[in-house]
């Protein structure tokens, strides 16, 4: 299968390029994994790239960290117009399947429960309420994917990925209170996916797209929590984690780490595991076991891709090195 990967200079794009044989990489940035330098919103560039392609994985995007540095129109141009340009070129060229990398940020304001409410259980049935231009344009791009699927029959699978970037947290108070790895391991409980698992989900989506036709899926590490835990999770997360993973306390104590006092939301990946046949290998339990054994908690693929940042010039925590 000949695959076009957009965003090939990014975290996920590079990871996909490393594992997909003979893939073509498209990005606005030159990189060892970028075949064509150009914009997904440039119809001429896109038409050239889709020639002879069987499938497209559309991972190129302006991200949440760009909200403070880019105008809203730039988000529309890249995230909406770029997606439409790719979809129309795919239909014209007879591309057989389209996988769109979206984000759990589309849920937006639905992720934050009111005062005193239990943590929110987030699955694909939760209605998105975008919080910013990033979430709004990714939601609009998802809708364009569905429209093109219904009008032209192009199989489209949307993967709403949770956090997988290695950069520091975007919240200054969290960075000041917790070790960086501590934050990321905590997040495996409710809102993070390991890069290798995200790549596996995309590969499976490529395989299953023709039989699925269209679908939206949350891509996140498998949580140990259930809906029955939500009230206690909001009030006393350490107690819930201690009950489910008592071994975590010794690992955390040895490193001076802390569990978050409470969680606002929990992402549920059950539908992706069922429909895609996805079996994520990295979760909180596996991370604790690896750390206890003195091993690296991340995948070799994530280590190989490394940190990239999000801006070409120094700009706080999100900086392209």
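Look through the range 217-230, keep the residues that are out of contact with any helix residue (DSSP H, G or I) (no Cβ under 7 Å at 6 or more places or on another chain) and more than 12 Å from residue 282 (Cα to Cα), and return whichever of them is surrounded by the most Cβ atoms within 10 Å (Cβ to Cβ).
230
With in a strand (DSSP E or B) and either more than 29 Å from residue 56 (Cβ to Cβ) or at pLDDT 95 or above (or both) as the only criterion, which of 181, 174, 157 stands out?
Criteria check complete, one pass: 157.
A quick yes/no check of all residues on (1) more than 14 Å from residue 185 (Cβ to Cβ); (2) touching a strand residue (DSSP E or B) at 6+ places or on another chain (Cβ under 9 Å); (3) in contact (Cβ under 8 Å) with a residue 24 or more places away in the chain:
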residue: 217; (1), (2), (3): yes, yes, yes
residue: 228; (1), (2), (3): yes, no, no
residue: 256; (1), (2), (3): no, no, yes
residue: 286; (1), (2), (3): no, no, no
residue: 292; (1), (2), (3): no, no, yes
residue: 301; (1), (2), (3): yes, no, yes
residue: 306; (1), (2), (3): yes, no, yes
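What single numbered condition from (1) over 30 Å from residue 211 (Cβ atoms); (2) at pLDDT below 95; (3) touching a strand residue (DSSP E or B) at 6+ places or on another chain (Cβ under 9 Å) fails to hold for residue 114?
(3)
Have a look at 105, 39, 31 and point out the one that is under 17 Å from the mean Cα position of the chain (by Cα) and either within 15 Å of residue 136 (Cβ to Cβ) or part of a loop (DSSP other than H, G, I, E, B) (or both).
Exactly one residue qualifies, and that residue is 105.
Could you tell me how many of the residues in the range 54-65 are part of a loop (DSSP other than H, G, I, E, B) and at pLDDT 90 or above?
The qualifying residues number 3.
Starting from residues that are modelled with pLDDT under 95 and within 22 Å of residue 270 (Cα to Cα), keep the ones in the range 117-137 and report whichever is surrounded by the most Cβ atoms within 10 Å (Cβ to Cβ).
By that ranking, first place goes to 128.
If residue 62 satisfies every condition in (1) surrounded by fewer than 19 Cβ atoms within 10 Å (Cβ to Cβ); (2) touching a helix residue (DSSP H, G or I) at 6+ places or on another chain (Cβ under 9 Å); (3) in contact (Cβ under 8 Å) with a residue 60 or more places away in the chain but one, which is the exception?
Here residue 62 clears every test but (1).
Tell me, yes or no, whether the range 298-315 has at least one residue that is assigned to a helix (DSSP H, G or I), under 17 Å from residue 162 (Cα atoms) and modelled with pLDDT of 95 or more.
Looking through the range 298-315, at least one residue is assigned to a helix (DSSP H, G or I), under 17 Å from residue 162 (Cα atoms) and modelled with pLDDT of 95 or more.
For the range 10-27, which residues satisfy the criterion of being free of Cβ contacts under 8 Å to residues at least 60 places away in the same chain and in contact with a strand residue (DSSP E or B) (Cβ under 7 Å, 6 or more places away or on another chain)?
The first filter runs over the range 10-27 and keeps only residues free of Cβ contacts under 8 Å to residues at least 60 places away in the same chain, leaving 13, 17, 21-27.
Answer for the range 10-27, where residues must be free of Cβ contacts under 8 Å to residues at least 60 places away in the same chain and in contact with a strand residue (DSSP E or B) (Cβ under 7 Å, 6 or more places away or on another chain): 13, 17, 23, 24, 25, 26, 27.
Filtering the range 255-269 down to residues that are part of a loop (DSSP other than H, G, I, E, B) and under 22 Å from the mean Cα position of the chain (by Cα), which residue is surrounded by the fewest Cβ atoms within 10 Å (Cβ to Cβ)?
Ranking the qualifying residues of the range 255-269, first place goes to 264.
State the number of residues belonging to the range 19-35 that are touching a helix residue (DSSP H, G or I) at 6+ places or on another chain (Cβ under 7 Å) and either surrounded by fewer than 16 Cβ atoms within 10 Å (Cβ to Cβ) or on the phi > 0 side of the Ramachandran plot (or both).
1
Looking at 190, 186, which one is surrounded by 17 or more Cβ atoms within 10 Å (Cβ to Cβ), at pLDDT 95 or above and more than 21 Å from residue 102 (Cβ to Cβ)?
When all the criteria are applied, what remains is 186.
Being touching a strand residue (DSSP E or B) at 6+ places or on another chain (Cβ under 9 Å), surrounded by fewer than 22 Cβ atoms within 10 Å (Cβ to Cβ), over 19 Å from residue 234 (Cα atoms) and modelled with pLDDT under 95 narrows it down to one of 108, 68, so name that one.
After ruling out the rest, the residue left standing is 68.
Given (1) surrounded by 20 or more Cβ atoms within 10 Å (Cβ to Cβ); (2) assigned to a loop (DSSP other than H, G, I, E, B), identify the lone condition not met by residue 169.
Unmet for residue 169, out of (1) surrounded by 20 or more Cβ atoms within 10 Å (Cβ to Cβ); (2) assigned to a loop (DSSP other than H, G, I, E, B): (1).
Given (1) part of a helix (DSSP H, G or I); (2) within 21 Å of residue 126 (Cβ to Cβ), identify the lone condition not met by residue 221.
(1)
Within the range 203-212, is even one residue at pLDDT 95 or above, out of contact with any strand residue (DSSP E or B) (no Cβ under 9 Å at 6 or more places or on another chain) and assigned to a loop (DSSP other than H, G, I, E, B)?
No: the range 203-212 contains no residue that is at pLDDT 95 or above, out of contact with any strand residue (DSSP E or B) (no Cβ under 9 Å at 6 or more places or on another chain) and assigned to a loop (DSSP other than H, G, I, E, B).
Have a look at 206, 233 and point out the one that is touching a residue at least 60 places away in the same chain (Cβ under 8 Å), within 23 Å of residue 114 (Cα to Cα) and crowded, with 21+ Cβ neighbours inside 10 Å.
233
The values are calculated or read from the model by the stated rules, or taken from the named source; none is laboratory data. No experiment lies behind these values; they were computed from the predicted model shown. In this analysis, Cβ positions are derived from the backbone assuming ideal geometry, glycine residues included, and neighbour counts consider all displayed protein chains.
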